[in-house]
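Heads up: the structure comes next, in structure tokens.
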Amino acid sequence: MTLLQVQGATRRFGGLIAVDNVSMDVAAGEIVGVIGPNGAGKTTLFNLISGFTPLSGGEIRFDGARIDGEKTFAIARKGVGRTFQNLRIFPNMSLFDNVSVGAIGMLGAGPLSSLRRDTKVATEIAERTWTALERVDLAREAHTLAANLSYGKRKYLEIARALAMAPKLLILDEPAAGLNDSETHTLAAFIRDLHAGGMTVLLVEHNMALVMSICRRVVVLASGRKIADGAPDAVRADPLVLESYLGVEEEA
Amino acid sequence: MSDRFRARLIAIGFLALVFVAAPAALTAFGKSYYWQVADLALIFALLAGSMHLVTGVAGLLQLGHAAFYGVGAYAAALLATKAGLSLAFTLPLAGLSAATIAVLVALPTMRLVSIYFAVATLAIGQMLYLIMLNWVEVTKGPNGIMLFSGMKFAGLDLSRPLPTYLVVAATVCVSLFVLHRLSHSYYGNALRALREDDQCADAMGVDTVRLKIEAFGVSGFFAGVAGALWAHTAGFISPPDFSFQTSILILAMVVVGGLGSLPGAVLGAFILILLPEALRPFGDFRNIAVGVVLFASILFVPKGLIGEVSALDFARRQLAGAWRRDGAGAEIGWR
Ligand SMILES: Nc1ncnc2c1ncn2[C@@H]1O[C@H](COP(=O)(O)OP(=O)(O)OP(=O)(O)O)[C@@H](O)[C@H]1O
Ligand SMILES: [Mg+2]
């Protein structure tokens, strides 16, 4: 079943076309990697899907219904959870409180439920929060401030917050950026585990080894256009890809 | 368990101070002026508590809070003098009037960010102040409004100092309790997420615009209630009570106590109302002393006298007994 369907998505910033007529599908249960050189439009594509940026053209369907034009929070509530390339945690809140926001947003805990101390909603939020914290092994530090966390752990905190949303699609924007080799290795295993547990994952990553090792399908963007879409081995051998991306990467 | 016991003790101690010790001491001194100061300290505790929700928790710098205080005061004064309503009706109606205006004002300004939002609230505060000053037919302008027999309810005369004080104390404590429930629950977490990174909260499914408007409305409501209390207890209101200076005073209370901390806001209000009174014997020097205290507290305890972290810890773990533990001893969270 197709979970996410992007059709002819286009995004212009003034004269610049950051995403140019990109179409791609993600089936439920799939794990798809999006790669491409700096400025290829990967983050912009993710912003279009999660509603951070409006489309200039094309359409996006999620779970059978159009989501382009919807507000960001409404798209999130439909089941799109994401992390950010430039880590966006809530620094002056505890880890528990950070992660709880994912569950609160999804369950829409309003002022009246907290005035009445609605046990049902609160228990659900707490359970989701603890489960997500345990999933990333941060439960023991639940009550420390996020600002006091190491960089590597912040990455997991952000993922846990998205997991507390219980999303249908998890979008990760460069989760391994800034991690060393062994940390990247652990992260790869973690993402593979998530996927094995049934999560649909869309992943942007510069680390080719990581993408190739955990994704069954890879989409390649260059200058806003999709230039390849297929199994890692096929993509790796694609001359267009070699020229526009892998070549650049080797030079760097 | 002993932690919890200690916290309960603090909560009970606070209530005992407000409802037993303070009235007993005031009765012993017998000066009606002291009673007025006590009423004022409580009213400002509520003003600071209501600003805490919007500025400390939701992170929206509000520079016009006193205007909503004024809207409540004028609503109560007009309802009492023109319609002859008693304070059982004027209190909630004053709150609703202020909340309505707060929400109307919030609708167009919520998309503004940080400093622009602050300037917008400043402008709104000024506008409302000028309306109070210049709409003479209704507000009597600079002459203000007198409320005769403002403290009567169901045939009871509450105008003696002790009953007046008890009405104020009860209203303020109930209001602070509601603010406590809102700011220390999961709802408070959603508000805090707005302060930290509202775009990011949006991506988590939090309806940020709606939440900001709610926080603004609730904060306006309690500012309005505080205004009604002031109108009824002082018996006379005029525009200078609700000027920009008052807004800044409330902001100072919230910051000195600790941004994001409800007990801090209450403590800040008590200090900034009671300290100048305590220093009255020193004449004009007292204003300088208050300034020095403000300056020193920002310099040495920038997170406030009761910082947000300790306030949250206190309120959640103990005050409300709200963090349940499961069989394995892990906390399940706020009920
Ligand atoms: N808000 C914006 N306003 C103007 N231009 C933008 C904006 N966001 C992105 N761009 C431009 O769009 C292009 C694509 O940017 P994008 O961030 O999507 O690339 P990316 O593939 O994620 O790159 P990286 O690997 O560096 O993260 C870039 O040229 C960028 O400068
Ligand atoms: Mg990017």
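The values are calculated or read from the model by the stated rules, or taken from the named source; none is laboratory data. All values derive from a computational prediction rather than experimental measurement. With ideal geometry, Cβ positions are generated from the backbone for all residues, glycine too; neighbour counts draw on all protein chains shown.
Only one entry in B:Val119, B:Val103 is among the hydrophobic types (A, V, I, L, M, F, W, C) and farther than 15 Å from B:Ala223 by Cα, namely B:Val119. Residues that are of a type in the set (Asp, Glu) and more than 13 Å from chain A (Cβ to nearest Cβ) within region B:277-317 comprise B:Glu277, B:Asp284, listed in sequence order.
Among residues of region B:157-183 that are of a type in the set (D, E, K, R), those with a Cβ under 8 angstrom from a residue that is assigned to a helix (DSSP H, G or I), sequence gap 6+ or separate chain, pair up as B:Asp157/B:Pro163; B:Arg181/A:Ser114; B:Arg181/A:Leu115.
Of all residues in region A:44-53, those being free of Cβ contacts under 8 Å to residues at least 24 places away in the same chain and away from ligand 2 (no atom under 16 Å from the Cβ) number 0.
What do you reckon, is B:Ala76 assigned to a helix (DSSP H, G or I), in contact (Cβ under 8 Å) with a residue 60 or more places away in the chain, among the hydrophobic types (A, V, I, L, M, F, W, C) and more than 30 Å from B:Tyr116 (Cβ to Cβ)? When the stated conditions are applied, B:Ala76 passes them. Within region A:59-67, does at least one residue satisfy the condition of being part of a strand (DSSP E or B), more than 16 Å from ligand 2 (Cβ to nearest atom) and under 18 Å from A:Arg225 (Cα atoms)? Yes, some residue in region A:59-67 is part of a strand (DSSP E or B), more than 16 Å from ligand 2 (Cβ to nearest atom) and under 18 Å from A:Arg225 (Cα atoms). For region A:202-221, the set of residues classified as modelled with pLDDT under 90 and over 21 Å from A:Gly81 (Cβ atoms) consists of A:His206, A:Asn207, A:Met208, A:Ala209, A:Met212, A:Ser213, listed by residue number. Being closer than 17 Å to B:Phe14 by Cβ and more than 7 Å from every other protein chain (Cβ to nearest Cβ) is the filter here, so list the residues in region B:179-191 that pass it. Residues satisfying the conditions are B:Leu179, B:His180, B:Ser183, B:His184. Against the definition (more than 17 Å from A:Gly33 (Cα to Cα) and within 16 Å of ligand 1 (Cβ to nearest atom)), how does A:Leu157 come out, yes or no? Judged against the criteria, A:Leu157 is not a match.
No other residue among B:Leu128, B:Leu112 is surrounded by 13 or more Cβ atoms within 10 Å (Cβ to Cβ), farther than 30 Å from B:Ser159 by Cβ and not aromatic (Phe, Trp, Tyr) apart from B:Leu112. Applying the criterion of at least 1 residues that are closer than 21 Å to B:Ile124 by Cβ to the helices (runs of 4 or more DSSP H) found wholly in region B:151-266 leaves B:186-203, B:208-234, B:244-257.
Quick one: would you say A:Arg88 is more than 16 Å from ligand 2 (Cβ to nearest atom) and not small (Gly, Ala, Ser)? No, not satisfied.
If you check every pair at least six apart or on different chains, which have Cβ atoms under 8 Å apart with a residue in region A:31-43 that is within 14 Å of chain B (Cβ to nearest Cβ) first and a residue that is near ligand 2 (Cβ under 8 Å from one of its atoms) and not in a loop (DSSP other than H, G, I, E, B) second? Correct list of pairs: A:Thr43/A:Asp173; A:Thr43/A:Val204.
I'd like to know if region A:131-154 contains one or more residues that are facing another protein chain (nearest Cβ under 8 Å), under 21 Å from the mean Cα position of the chain (by Cα) and buried (at least 19 other Cβ atoms within 10 Å of the Cβ). No; the residues of region A:131-154 include none that is facing another protein chain (nearest Cβ under 8 Å), under 21 Å from the mean Cα position of the chain (by Cα) and buried (at least 19 other Cβ atoms within 10 Å of the Cβ). From the list B:Ala215, B:Ala223, B:Ala228, the one residue that fits, being surrounded by 23 or more Cβ atoms within 10 Å (Cβ to Cβ) and under 30 Å from A:Pro167 (Cβ atoms), is B:Ala215.
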